[in-house]
Amino acid sequence: MSDSLAICFTNFGPYHIARLDALAKAIAAQGGQLLAYEMAGTEEKYPWSINGSGLSSQVRHIRLFPGRSLESLTARECRQAIASQLDQYQPTAIAAVGYVRPESLEMLRWAKLNKALRLLLSETQRIDHPRTWWKEAIKRRRVCQFHAGVVGGETHRDYLVDLGMPRHRIHLGYNAVGNNEIQSMAQKLDGRNTTGSLPYFLSVCRFAPEKNLETLIRAYAEYVKSVGDRQPWRLVLAGDGPLRPQLQQRARDLGVEELCDWPGFMAIEALVPWYVNCGLFLLPSLSEPWGLVVNEAALCGVPLLISERCGSAGTFLPKSDIPSGQTFDPSDFRSLAIAMTQMAGMSTEQRKLMGESARRIASQWGPDRFGTAMINALQSAATVTGQAWAGATGVIMP
């Protein structure tokens, strides 16, 4: 029987499909198999629209509650369902998504009892939320039970180190999207500089408090004032959520309602044209473990203006001769307004160079990077435990 890795996400979206396909390919190359569990058929928070599983034949895909939404499941149901699957297939390694959800903790418990390699997937930063000592103590006890980890970027690695995992066992590359598909769609549409129409600001996110969209609307109103008699760029707020009525009222109160567009939640196929034709992508979050929309925008060659609290900021906005954009303090709407005015005032060529820089960075952090990071994590886990896993000989990357 070949070695196998079991991984469980709550509900598959497009980026899960891309990551799992790349991981399955990497594992199959070493003689192993990927067991990909999907907890529920739908998730109210993220209304993905996936035709079939979309996964390659190299992935053994099992949806545990196909007719249920994630929100309808009890913790006990999640624990029992994943435990039953692990008992049936007996994987030699598990990858738990975080250290909070019931199925992740059950995977950890099962792996300890059955001497399976234990990987942790994490996208948490220390700055995401206020921290209390007793909660951090619980996290440390849980994190120290894993053999290795895969995270998004340096700030996520730093936090896992704080929680007790050795730095050399933590590998980067978790937060990937479907690079090939997005770039292919973008290349077919990349005529934004020849249309003659005015660019626009674009933000894509859930309309929830942590996304800080009210600050963005305030900053946009300041930007509109700053351009005087010149025609301002429009503001496109793509997404949906509980704060939509409140945000639309805020736009009315500030006198910019007629300059804002609200196209709603969209699948990636519908989003790509919005990315390609915008002049600047914004993500103003107060708390953002990563921000996969930054990957998507960058793959479409768009300059970035993102909150310094976004986990993707360190990866996508490194110091370089040709910047891909800039960060800002999400608590200061005036500084955001100034940045919007400055970047909108750049020449088309300047913004194009920034967008190309963003695209080059994004191309290095796709699903293949995730697959490599997971293989390297398995190698780290096998080394620390003295166990073999499919003859793992990962290609170590930072």
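May I ask you to list the residues in the stretch 10-22 that are out of contact with any strand residue (DSSP E or B) (no Cβ under 6 Å at 6 or more places or on another chain) and not charged (D, E, K, R)?
Listed by number, the residues that qualify are G13, P14, Y15, I17, A18, A22.
Kindly indicate which of K115, K139 is touching a residue at least 24 places away in the same chain (Cβ under 8 Å), charged (D, E, K, R) and either surrounded by 14 or more Cβ atoms within 10 Å (Cβ to Cβ) or part of a strand (DSSP E or B) (or both).
Just one listed residue meets the conditions, K139.
Which numbered condition trips up G314, out of (1) of a type outside the set (D, E); (2) part of a loop (DSSP other than H, G, I, E, B); (3) under 30 Å from Y159 (Cβ atoms); (4) modelled with pLDDT under 95?
The single condition G314 does not satisfy is (2).
Among the residues of the stretch 19-34, are any farther than 20 Å from P367 by Cβ and part of a strand (DSSP E or B)?
In the first step, residues of the stretch 19-34 are kept if they are farther than 20 Å from P367 by Cβ; the result is 31.
If we keep only those that are part of a strand (DSSP E or B) too, we end up with none.
No, there is no match, as no residue in the stretch 19-34 is farther than 20 Å from P367 by Cβ and part of a strand (DSSP E or B).
Consider I127 against the criteria (1) β-branched (V, I, T); (2) part of a helix (DSSP H, G or I); (3) at pLDDT 95 or above: it satisfies all of them except one. Which criterion is unmet?
That leaves (3) as the condition not met.
Restricting the first residue to the stretch 63-81 and requiring it to be of a type outside the set (K, R), which pairs with a second residue that is in a helix (DSSP H, G or I) and loosely packed, with under 15 Cβ neighbours inside 10 Å meet a Cβ separation below 9 Å and a spacing of at least six or different chains?
Between residues of the stretch 63-81 that are of a type outside the set (K, R) and residues that are in a helix (DSSP H, G or I) and loosely packed, with under 15 Cβ neighbours inside 10 Å, the close pairs are L64/S84; F65/S72.
If you check L237, L286, L254, which single one turns out to be under 20 Å from P209 (Cβ atoms), surrounded by 21 or more Cβ atoms within 10 Å (Cβ to Cβ) and aliphatic (A, V, I, L, M)? Write out each step before concluding.
Details: L286 fails: surrounded by 21 or more Cβ atoms within 10 Å (Cβ to Cβ); L254 fails: surrounded by 21 or more Cβ atoms within 10 Å (Cβ to Cβ).
Matching residue, one of L237, L286, L254: L237.
Wholly within the stretch 145-223, which strands (runs of 3 or more DSSP E) include no fewer than the required count, namely at least 1 residues that are without any contact (Cβ under 8 Å) to a residue 12 or more places away in the chain and not basic (K, R)?
In the stretch 145-223, no matching strands (runs of 3 or more DSSP E) lie anywhere.
Output the residues belonging to the stretch 1-55 that are among the acidic types (D, E), at pLDDT 90 or above and within 19 Å of the chain's Cα centre (by Cα). Working first, answer last.
So the first thing to find is which residues in the stretch 1-55 are among the acidic types (D, E), and the list is 3, 21, 38, 43-44.
Going one step further and asking which of them are at pLDDT 90 or above, we end up with 3, 21, 38.
Residues satisfying the conditions are D21, E38.
Quick check on my filter: what residues within the stretch 264-294 are assigned to a loop (DSSP other than H, G, I, E, B) and under 25 Å from T348 (Cα atoms)?
Of everything in the stretch 264-294, those that are assigned to a loop (DSSP other than H, G, I, E, B) and under 25 Å from T348 (Cα atoms) turn out to be C278, G279, P284.
Those residues that are among the hydroxyl-bearing types (S, T, Y) and modelled with pLDDT under 95, I need them from the stretch 208-258; list them, please.
S226
Just checking, which of T372, T315, T383, T327 is within 24 Å of the chain's Cα centre (by Cα) and free of Cβ contacts under 8 Å to residues at least 24 places away in the same chain?
T327
How many residues, within the stretch 240-251, are in contact (Cβ under 8 Å) with a residue 40 or more places away in the chain and surrounded by fewer than 16 Cβ atoms within 10 Å (Cβ to Cβ)?
Here the count works out to 0.
Could you tell me which numbered condition H171 fails, if it satisfies all but one of (1) surrounded by 14 or more Cβ atoms within 10 Å (Cβ to Cβ); (2) more than 25 Å from F316 (Cα to Cα)?
So the condition that H171 fails would be (2).
Can we say H61 is of a type outside the set (A, V, I, L, M, F, W, C) and assigned to a strand (DSSP E or B)?
yes
The values are calculated or read from the model by the stated rules, or taken from the named source; none is laboratory data. Every value quoted in this text rests on a predicted model; they were computed, and no experiment measured them. Because the Cβ atoms are built from the backbone with ideal geometry, glycine has one as well, and the counts that use them run over all protein chains shown.
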